[in-house]
Amino acid sequence: MTHYGKPYDPAVKYSREPLAIDVSVGKTDAIYKAHSYHTKVPHLAIVPSILHYTQPGDVVLDGFAGSGMTGVAAQWCGMAPSGYRVELEQAWKKEGRAAPKWGARRAVLNDLSPAATFIGANYNIPLDVEAFAKAGKQLLTAVEQDIGWMYETLHSDGKTKGRIEYTVWSEVFSCPECAGTVNFLDEALDDESKRVRDSFPCPHCSAELNKDRLERVLETRVDPATGQSWRRVKFQPAIVVYAIGKTRYEKAPDATDLATLAKIEALPLPTSVPTSRFPIEDMYHGSRIAPKGFTRVHHFYLPRAAQAMGLLWVKAQAYPDARTRAFLTFMVEQAIWGLSVLNRYGPTHFSQVNRMLNGVYYVASQHAECSPWYNLGGKLDRLIKAFKNYRTHAAGAVVNTGTAAYLPLPDNSIDYIFTDPPFGENIFYADLNFLVEAWHGVTTDAKPEAIIDKFKQKGLPEYQHLMRRCFAEYQRVLKPGRWMTVVFSNSKASVWNAIQVALQQAGFVVAEVSALDKVQGSYRQVTSTTAVKQDLVISAYKPNGGLEDRFVKTGATVDSAWDFVQTHLRNLPVIKLGKNGELDIVAERNPRRINDRMVAWFVRHDAPVPLSSPMPLT
Ligand SMILES: C[S@@+](CC[C@H](N)C(=O)[O-])C[C@H]1O[C@@H](n2cnc3c(N)ncnc32)[C@H](O)[C@@H]1O
């Protein structure tokens, strides 16, 4: 900020109206898809906001930055292709708005999760794509040389070698009637339709079985990390899918396949595979994994997958150049979930890559154990292609790991905030990021995490309190008179109210809440505080110093109330045009609404409200 920030100058005129955006655009963009993250907001959805509220060189902040898409958007304002520019300028012209000033903005990105900031940094720090392409190919080839034998299989002719793409493992249960062993896939999968049948007969006693009736079988093994006995659900290999040239074949594992698997199982667990224990007792989804025997990171990998993931990690980490090393890790870490037992087998799916259930640790009864090349081969090519024409700057973004409640930034220094905080109890980021963070060797400090989670003793009041502290920090660092866009994605009225209260307590004034009407293709202003089913975009501003200074001098007088109203009105649109250019209602100009905002402002300043509304305001 010392080098690149522009100090706040009250004499510099700045005036904007709130802007509604569609947070769902850009989900097919190659850069967006380069690395997944929970509830990722596409950079192309953020770009119009940044163009609207800022100038080239301004500093944009996102304190809950996740995968850093706000930074990507800020930098992308300087690399937008001419086709995009022309289209946006034409659309803005139709709405009576002047063309934006193109050029990169700088970004300050912060997140509590090291897994998130690692992704964010890799998205935002300049990359030598050619160096990465070379290193990525080398890495996959070297892994092939070392452990290629683990993925070899014999074709039905008994001599041609095939390359295993994935092996399907099935959970083994026991029949509640005869206690006979039931291999789930063998019995439930209809070979022709490739569908898993809801019910099927027991192969031993013919009793009618279904998933609910089957009894779980836990087998005792020796934990390769602790040396102690370890009880885990039982898996058996059921199908081997392999390729010869470009042709794909499928077979049941034969004696040679089983011998190879036994040989691999006898190998020691690579030291690069983390063995740390999940904080099961504090995890919302702990009860989904612990009873099946998955309590430590290495438990999530079958022996061959552990060898593969361990080797990929070691090779990426050993690359001499720091920047290429980080990006190789950015690629390799995307196999952490996909090579684990969390990867479900979908018999009707063409690809078995990354088929885990989102937002939860769930080990299904059918697992597709993919080879590293099957999982990552396509990814490497896509990354090279996506990053080829994407050029970030050395001073384009700074990425920090920590709570948004303490940002290492000076007061009144940020030009605009775009943010997508956690919304209540939808996603448990620290828990979900634990698996990836264990590989990195650094995990989230979950204490300041702004979520609702009964397992961490965080209810709605705690969430509201945490959010208020983060918004108060936003208020401290944002320049007076500047804007913040908050994306809200939760359907619970209680969480919505908590957010509104937190915003007001922190000193922000909400100027517009909008939702995209997907059918009409236009934006709707949201005024009701009942449950909201759609993503909402909240536009709020930090009142400028003038209003605050005048209030300090005069206190809560009738004049100060009108002062607030006039200042607020200056931040609201005078007219609003609908999709077809017709005039629309500006909901925030409704007298009751303005009265609400005024009352909230005085309450937040611990001052009596100097004006009452004697008549019902309509
Ligand atoms: C909805 S996600 C953001 C996703 C982001 N928009 C993207 O495109 O990747 C919310 C983020 O807030 C982070 N978080 C939770 N509590 C936090 C806190 N107190 N300070 C900073 N970040 C926090 C979580 O780790 C998570 O990455």
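The values are calculated or read from the model by the stated rules, or taken from the named source; none is laboratory data. What you see is a predicted model; the values in this text were computed from it and never measured. Note: ideal-geometry Cβ built from the backbone for every residue, glycine included; neighbour counts use all protein chains shown.
See the values below:
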read-out	value
Number of positions in region 460-489 that are outside any helix (DSSP H, G or I) and either within 24 Å of Gly402 (Cβ to Cβ) or touching a Leu at 6+ places or on another chain (Cβ under 8 Å) (or both)	10
Members of region 578-592 that are surrounded by 11 or more Cβ atoms within 10 Å (Cβ to Cβ) and either of a type in the set (Phe, Trp, Tyr) or modelled with pLDDT under 75 (or both)	Gly578, Lys579
Count - residues of region 438-471 that are within 15 Å of the ligand (Cβ to nearest atom), aliphatic (A, V, I, L, M) and surrounded by fewer than 16 Cβ atoms within 10 Å (Cβ to Cβ)	1
Residue satisfying condition, being touching a strand residue (DSSP E or B) at 6+ places or on another chain (Cβ under 8 Å), closer than 18 Å to Glu171 by Cα, without any contact (Cβ under 8 Å) to a residue 24 or more places away in the chain and among the aliphatic types (A, V, I, L, M), within set Ala252, Ala238	Ala252
When residues of region 478-524 are limited to those that are of a type in the set (S, T, N, Q), in contact with a helix residue (DSSP H, G or I) (Cβ under 8 Å, 6 or more places away or on another chain) and closer than 17 Å to Asp420 by Cβ, the one modelled with the highest pLDDT	Thr485
Residues located in region 31-59, provided they are crowded, with 21+ Cβ neighbours inside 10 Å, more than 16 Å from the ligand (Cβ to nearest atom) and part of a loop (DSSP other than H, G, I, E, B)	Thr54, Asp58
Unmet criterion (only one of (1) within 9 Å of the ligand (Cβ to nearest atom); (2) over 21 Å from Leu112 (Cα atoms); (3) of a type in the set (A, V, I, L, M)) for Ala65	(2)
Qualifying position, being in contact with a Cys (Cβ under 7 Å, 6 or more places away or on another chain) and on the phi < 0 side of the Ramachandran plot, among Ala207, Ala243, Ala238, Ala252	Ala207
Selection from region 332-346 of residues that are more than 14 Å from Asn358 (Cβ to Cβ), in a loop (DSSP other than H, G, I, E, B) and either in contact with a Pro (Cβ under 6 Å, 6 or more places away or on another chain) or hydrophobic (A, V, I, L, M, F, W, C) (or both)	Leu339, Val341
Residue in region 607-618 that is farthest from the chain's Cα centre (by Cα), counting only those that are modelled with pLDDT of 75 or more and surrounded by fewer than 14 Cβ atoms within 10 Å (Cβ to Cβ)	Ser612
Filtered residues of region 240-285 (kept if in a strand (DSSP E or B) and either under 33 Å from the mean Cα position of the chain (by Cα) or within 30 Å of Phe455 (Cβ to Cβ) (or both))	Val240, Val241, Tyr242, Arg277
Matching residues in region 222-239 - criterion: being over 35 Å from the mean Cα position of the chain (by Cα) and outside any loop (DSSP other than H, G, I, E, B)	Val222, Ser229
Which numbered condition Thr28 fails, given (1) assigned to a loop (DSSP other than H, G, I, E, B); (2) within 12 Å of the ligand (Cβ to nearest atom)	(2)
Residue match in region 238-253 (condition: touching a Ser or Thr at 6+ places or on another chain (Cβ under 8 Å) and farther than 25 Å from Asn375 by Cα)	no
Given (1) free of Cβ contacts under 8 Å to residues at least 24 places away in the same chain; (2) outside any helix (DSSP H, G or I), index of the condition Val86 fails	(2)
The lone exception for Gly310 - which of (1) out of contact with any Lys or Arg (no Cβ under 9 Å at 6 or more places or on another chain); (2) not in a helix (DSSP H, G or I) it fails	(2)
Cβ pairs under 8 Å, 6+ apart, first in region 23-45 and under 22 Å from Pro81 (Cα atoms), second basic (Lys, Arg) and near the ligand (Cβ under 9 Å from one of its atoms)	Tyr32/Lys40
Filtered residues of region 401-418 (kept if more than 19 Å from His35 (Cα to Cα) and within 12 Å of the ligand (Cβ to nearest atom))	Gly402, Thr403, Ala404, Ala405, Tyr406, Leu407, Phe418
Region 419-432 - residue that is closer than 22 Å to Gln75 by Cα and part of a loop (DSSP other than H, G, I, E, B) and, of those, farthest from the ligand (Cβ to nearest atom)	Pro421
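Residues are listed down the side, and each one gets a yes or a no for (1) modelled with pLDDT of 95 or more; (2) of a type in the set (Phe, Trp, Tyr); (3) crowded, with 16+ Cβ neighbours inside 10 Å; (4) closer than 18 Å to Trp373 by Cβ:
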site: Phe235; (1), (2), (3), (4): yes, yes, yes, no
site: Gly286; (1), (2), (3), (4): no, no, yes, no
site: Asp321; (1), (2), (3), (4): yes, no, no, no
site: Trp337; (1), (2), (3), (4): yes, yes, yes, yes
site: Leu342; (1), (2), (3), (4): yes, no, yes, no
